[in-house]
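Engineer: My questions will all concern the structure given below.
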Amino acid sequence: MEVTAILRHARVSPQKCRLVADTVRGQPVNRALNTLKYMPKKGARLLYKTLWSAIANAQENEGLDVDDLTVARIQVDAAPVLKRFAARAKGRGTRIVKRNSHITVAVSDGKKE
């Protein structure tokens, strides 16, 4: 059975977060949590919290055993961007795009419903 948790409008770019997501995809949840806990990236902290939420959802809502869970799916999509302007020379301005992410983490015990 697959259980998900979603973090919307995370203030990290999808490209940077996907680098972290690729390292833990398909791992058992205990190893994935340890990897994310000690990884020095902002995306790792956000993925850690989302993975922890997915594990809690599986345990509380579905009654699944935590030791059997693996990271079935991690999906990092682009969210709406924040558009800002920075002052430049000769009275000009340039656009600064601050990218956001939607992070979806699914854990599974490998059994069908």
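Engineer: By counting other Cβ atoms within 10 Å of each Cβ, how are 8, 73 ranked from fewest to most?
Structural biologist: 8, 73
Engineer: Still on this structure: Please compare each pair in 16/83; 42/83; 37/111 to a cut-off of 23 Å on the Cα-Cα distance and tell me which ones are over it.
Structural biologist: Those over the limit are 37/111.
Engineer: Highest mean first, how do 30-37, 47-54, 104-111 rank when packing is the count of other Cβ atoms within 10 Å averaged over residues?
Structural biologist: 47-54, 104-111, 30-37
Engineer: In debye, nearest 20, what is the charge dipole magnitude of the chain about its Cα centre with +1 on Lys and Arg Cβ and -1 on Asp and Glu Cβ, if you could check?
Structural biologist: Working: 22 positive and 10 negative charges, 333 e Å.
Dipole of the chain, to the nearest 20 debye: 1600 debye.
Engineer: Restricting attention to region 1-68, which GluC sites (Glu not before Pro) occupy a DSSP loop and are surrounded by at most 14 other Cβ atoms within 10 Å?
Structural biologist: Taking region 1-68 and a limit of 14 other Cβ atoms within 10 Å, the loop GluC sites (Glu not before Pro) found are 62.
Engineer: When a/c is below 1.5 the answer is rounded, else prolate if a/b is larger than b/c, else oblate, so apply that to the chain with a ≥ b ≥ c taken from the square roots of the Cα gyration tensor eigenvalues.
Structural biologist: It comes out prolate by the Cα gyration axes.
Engineer: Tell me which residues come under 5 Å, amide H to amide H, from residue 100 once H is placed; ignore anything under 5 positions away on its chain.
Structural biologist: 79, 82
Coordinate-derived values only; no laboratory data. If you're wondering where the values come from, they're calculated on a predicted model, not measured in any experiment. Neighbour counts are summed over all protein chains in view; Cβ atoms, including those assigned to glycine, are modelled from backbone coordinates with ideal geometry.
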